[in-house]
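**Q** For reference, the structure I am asking about is given below.
The values are calculated or read from the model by the stated rules, or taken from the named source; none is laboratory data. Values in this document were obtained by computation on a predicted structure and should not be read as measured data. Here the Cβ positions follow ideal geometry from the backbone for every residue, glycine too, while neighbour counts run over all protein chains shown. Please note that ligands, DNA and RNA were not included when accessible areas were found on the heavy atoms of the full protein model with its side chains. Shrake-Rupley method; radii C 1.70, N 1.55, O 1.52, S 1.80 Å.
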Amino acid sequence: MSTSNKVHLSVLDQSPVRQGGSSRQALQETIELARLADRLGYTRFWVSEHHNTGTLAGSAPEVLLARLGAETKRIRLGSGGVMLPHYSALKVAESFRLLEALYPGRIDLGIGRAPGTDRITAHALNPHNAFRDEDFAEQLMDLRAFLHDEVVPDTIHAKVKAAPFIDTVPEMWLLSSSGQSGLFAAHVGAAFSFAHFINPNGGPDMVRLYKERFRPSPELAAPLANVAIFVLCAETEAKARELADALALQMLKLETGDRTPIGSADTVRNYPLTPELRARLDYHHQRMVSGNPEQVREQLETLAAAYGVDEVTAVTITYDFQDRLRSYELLAEVFELNPVSQLLAQTH
């Protein structure tokens, strides 16, 4: 077995809208990408939650996942993630129990606590949200109780059950770019995903702390973690660098208040970069790996080793959708994933 087979690959898709494109188009591309990831042998396909933005179209993961389940056969599907402070724990539990009823054994409930938007929009989503750690911890315990039909005397859980009533449970993950949610995950015995594509600093230490403090739960006996990172893979290093520069510029534009969608390589070439902005552009390259297939495989294996995980979640955003598809195809090839056709052949 080659060393690349030790690293499992998953996908986090944000339904990006490109310059000249539309949100409807972006969502259709997410559906097409999910079909491809399913055929290629990726482990999971997660979709994100963002609000009040014209650059990312996914605002309701649970709705999109219902469609993706009907379009795929074997890949696990999940939220990357549902921003729990916006909602009631019961509503989230029922949405994902319904998904689990439709696609048993394939649903991941990824939970985040960041706004996924600006504070004004967060207030509109939930006027009572104060973003306090203790509130989030209480929501997590409620969510876990609803998911597992826990009867807690003298609480609402003695009288209210999350429907539909089923015999399987979505796999719960906590997502974080700061590490705090890793401690919550360790406390409740859930899996943990670190967003290196948001914060490239300190992640390995945070995963290590999660593992050290992990408390086994009925559904998870040992800690389970992965790392998510931007990945731009192309046939040539030069092409990959072009894709990476365009994505890094998109991150830079967001920092400076420019909310326009991702543009082509010409956007980078024509963008007025001061020395200070060039330094920020270089920083954003730390949030990604890019290169030809062999270079990307080496970088991702090094990243997985640094984090002490055997699963890497790739986040790929490009101006041209075909570049996005090709990046995932090349990644699957170089890591020798088992496509669905091979898996079916092995069962006969």
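**Q** Please work out the C-alpha center-to-center distance from segment 52-81 to segment 210-278 and express it in whole Å.
**A** 20 Å
**Q** Name the longest site-free stretch of the chain, where the excluded sites are GluC sites (Glu not before Pro) in a DSSP loop with no more than 16 other beta-carbon atoms within 10 Å.
**A** With GluC sites (Glu not before Pro) excluded where exposed in loops, the chain gives 1-149 as its longest stretch.
**Q** Starting from the exponent 0.38 and prefactor 2.2 Å, build the expected Rg for the chain from its residue count and divide its actual Cα Rg by it.
**A** Against the empirical 2.2 N^0.38 Å value, I get 0.98 for the chain.
**Q** Taking every pair of alpha-carbon atoms in segment 92-225, what share in percent sits in each 10 Å bin, from 0 to the bin with the longest distance?
**A** Taking all Cα pairs of segment 92-225, the binned fractions are 12, 37, 38, 13, 1 percent.
**Q** What is the helix-to-structure angle for 321-334, meaning the angle in degrees between its Cα long axis and the longest Cα principal axis of the chain, kept from 0 to 90 and rounded to the nearest 10?
**A** 80 degrees
**Q** Additional query: Before I look further, what does the chain give for accessible area per residue, probe 1.4 Å, in whole square angstrom?
**A** Averaged over the residues of the chain, the accessible area is 45 Å².
**Q** Here's something else I'd like to know. Please report the antiparallel percentage of the DSSP beta bridges confined to the chain, to the nearest 5.
**A** Percentage antiparallel, nearest 5: 5.
**Q** Enumerate the amide H contacts of Ala57 below 5 Å, restricted to partners 5 or more residues apart or on another chain; note that Pro and chain-start residues carry no placed amide H.
**A** Here Val17 satisfy the definition.
**Q** Restricting to DSSP H runs of at least four residues, report the calculated mean residue ellipticity at 222 nm for the chain, -39500 (n - 2.57) per run over all residues, nearest 500 deg cm²/dmol.
**A** -14000 deg cm²/dmol
**Q** Can you tell me which lysines have their Cα less than 22 Å from the Cα of Lys211? Leave out same-chain residues fewer than eight positions away.
**A** Filter leaves Lys6.
**Q** Please determine, in degrees from 0 to 90 and to the nearest 10, the orientation of helix 89-102 with respect to the longest principal axis defined by the Cα atoms of the chain, where the helix direction is its Cα long axis.
**A** 80 degrees
**Q** Give me Rg over Rh for segment 68-151, both radii from the alpha carbons and Rh done the Kirkwood way, two decimal places.
**A** 1.01
**Q** What aspartates and glutamates could a cross-link reach from Lys91, if we take a straight Cα to Cα line under 19 Å and drop same-chain neighbours fewer than 8 places away?
**A** Lys91 reaches Glu49, Glu62, Glu100, Asp108, Asp135, Glu138, Asp142, Asp149, Glu150, Asp167, Glu171.
**Q** Just to confirm the filter: which trypsin sites (Lys or Arg not before Pro) across segment 1-105 are DSSP coil and have at most 10 other Cβ within 10 angstrom of their Cβ?
**A** When the trypsin sites (Lys or Arg not before Pro) of segment 1-105 are filtered for loop state and at most 10 Cβ neighbours within 10 Å, nothing remains.
**Q** A follow-up question, please. For segment 211-348, compute Rh as the Kirkwood radius over C-alpha pairs and then the Stokes-Einstein diffusion coefficient at 20 °C and 1.002 mPa s; write the answer in µm²/s, rounded to an integer.
**A** 126 µm²/s
**Q** In segment 94-197, which chymotrypsin sites (Phe, Trp or Tyr not before Pro) are in a loop and have at most 10 other Cβ atoms within 10 Å, using DSSP for the loop call?
**A** Phe165
**Q** For segment 1-159, evaluate the Debye formula with one uniform point scatterer on each Cα (no solvent term) and list log10 I(q)/I(0) at q = 0.15 Å⁻¹, rounded to two decimals.
**A** For segment 1-159 at q = 0.15 Å⁻¹, log10 I(q)/I(0) is -0.87.
**Q** Which lysines have a Cα lying under 23 Å from the Cα of Lys253, excluding residues fewer than 8 positions away in the same chain?
**A** Once the sequence-local lysines are set aside, what remains near Lys253 is Lys239.
**Q** Another one. Residues with amide H under 5 Å of His8's amide H, sequence separation 5 or more or different chain, H placed in the peptide plane at 1.01 Å from N; which?
**A** Sorted by chain and number, the residues that satisfy this are Glu311, Val312.
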